[in-house]
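Inspection log for the structure reproduced underneath, given as structure tokens.
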Amino acid sequence: MRNSKIPRNIIVLGVVSLLTDAATEMIYPLIPIFVAALGSGALMLGVIEGVAETTAAMLKLLSGILSDRLRKRKLLVVIGYTISSLVRPFTGLVVNAWQIVMIRMLDRVGKGIRTAPRDALIALSVDESIRGRAYGFHRAMDHTGAVIGPVLALITLLVLIPGLGMTDIIYTLRWTFGLAIIPGLLAVITLVFFLKERGDENSPVKGFHFSIRQFDKNFLTYLSIVLLFTLGNSSDAFLLFRIEEAIQKSGSFYSTIMNIPLLGDMVKHFGDKPAQKNLVNILFLPLIWAFFHIIKAIFSTPLGSWSDRIGRKTVINIGWGIYALVYLSFALLDRLPVDWQVPATFFLFAIYALYYAFSEGAEKAFVADIVQPSALGSAFGMYNFTVGLGALPASILFGLLYKTFGATIAFGTGATIAGFSMLLLSLLVREKKL
């Protein structure tokens, strides 16, 4: 009888991801406002996110190969999480937007070192019959942390702004970013004391030779299609930038808040009208980001499990289809009546969260399905490298399209690429029968 219970290692890695993402998401949804406050816009945001993710991609490949050879996956996971946890809060010390590139790059160095060994540990710690569920659970814990992070940021902002009377936006954000070190350090402590090496730690250590020939055509075709999809999958920071742009322009969230008796009265005591609008807009992004991750946390495990039953390709394509539809909808956000913009934003983020819930766990479980166990680290390194390889051109291209032609063309291009990727995945990649 197959064991359907989620093992301890998966739970530990889930808790670590929860804490790490809580630290990350205290900062991430506020980056667009911070970048704008420092005098930059969409193109700089694209450079920041693209360079960060591409840096991580290269290291994910290397760390995956090393984890297969050294059989010391936990060591690499601990090193990666430690680097990110210590570096991330330094975002609050920058004085120019371009300096965020360096901080984000170092943060992603940590992510690059830990990701492939961690994904391999998950595969080695669980029965293959519940791989989709295991990866879905891990993503659900990650997204739960991404709910906690914006809530912590929101509480911090409320304490600093209305509570302590801070009026300097940049100074307030610096304090918020600095406090993100606390959950990050808790994640590292959890790893050190509770994560156990699993699976192949006693296998003979191999040489450091790596060849792409160890992977068959089917796996390489899958990676090529993932790369194509990634080229149309820009950073989610652009969605936050889009919301901040539309909501600030229309004043829709400000109008909504001012019509709520208690909240409206509180906001009226915060400076003049422009200051009130700034406060409301700053608080909106962590709120919508937390809501977004609540939906992802709720659905990631059941939809990941669904791929165990109906097949990985079907579930991945459902997710990619949702992505295409939502991107088309975000392009039209500012064309809606003002009273509809806030409800529409919540609705779109709820649907967009389902793209992640459908695709994230299934994509990784698919990798584990179609490669040999002895090459899992290298395979996940290749997969994550491929995703990251497309991140820099995707984000820079999106930023250029956004700046030159506007949101409609930028989001429409992403949706078109996603649709074409769905077709290729259906036609060209073979699926293992579970």
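Looking only at residues in the stretch 338-395 that are part of a helix (DSSP H, G or I) and among the polar types (S, T, N, Q), the one that is farthest from Ile212 (Cα to Cα) is Gln341.
For the stretch 112-132, a residue qualifies if it is surrounded by fewer than 24 Cβ atoms within 10 Å (Cβ to Cβ), modelled with pLDDT of 85 or more and in a helix (DSSP H, G or I), and the qualifying residues are Leu124, Ile130. Screening the candidates Gly50, Gly14 for the property of being of a type outside the set (Asp, Glu) and modelled with pLDDT under 70 yields one hit, Gly50. Of the residues making up the stretch 149-174, those that are β-branched (Val, Ile, Thr) and either surrounded by fewer than 21 Cβ atoms within 10 Å (Cβ to Cβ) or at pLDDT below 85 (or both) are Val151, Ile155, Val159, Ile161, Thr167, Ile169, Ile170, Thr172.
Only one entry in Phe330, Phe366 is of a type in the set (Phe, Trp, Tyr) and modelled with pLDDT under 90, namely Phe330. When each of Phe210, Phe193, Phe177 is tested for being over 30 Å from Met422 (Cβ atoms), modelled with pLDDT under 75 and not aliphatic (A, V, I, L, M), the lone residue that passes is Phe210.
The set of residues in the stretch 88-101 being within 17 Å of Ala180 (Cβ to Cβ), under 19 Å from the mean Cα position of the chain (by Cα) and surrounded by fewer than 20 Cβ atoms within 10 Å (Cβ to Cβ) is empty. The residues listed here are Leu191, Leu160, Leu154, Leu179; of these, the one that is among the hydrophobic types (A, V, I, L, M, F, W, C), more than 20 Å from Trp289 (Cβ to Cβ), touching a residue at least 12 places away in the same chain (Cβ under 8 Å) and out of contact with any Cys (no Cβ under 8 Å at 6 or more places or on another chain) is Leu191. Set side by side, the residues Ser421, Ser378 differ, and just one is under 25 Å from Val51 (Cα atoms) and modelled with pLDDT of 90 or more, which is Ser421.
The values are calculated or read from the model by the stated rules, or taken from the named source; none is laboratory data. Only a predicted model underlies this, so the values are computations on that prediction, with no experimental measurement involved. Neighbour counts are summed over all protein chains in view; Cβ atoms, including those assigned to glycine, are modelled from backbone coordinates with ideal geometry.
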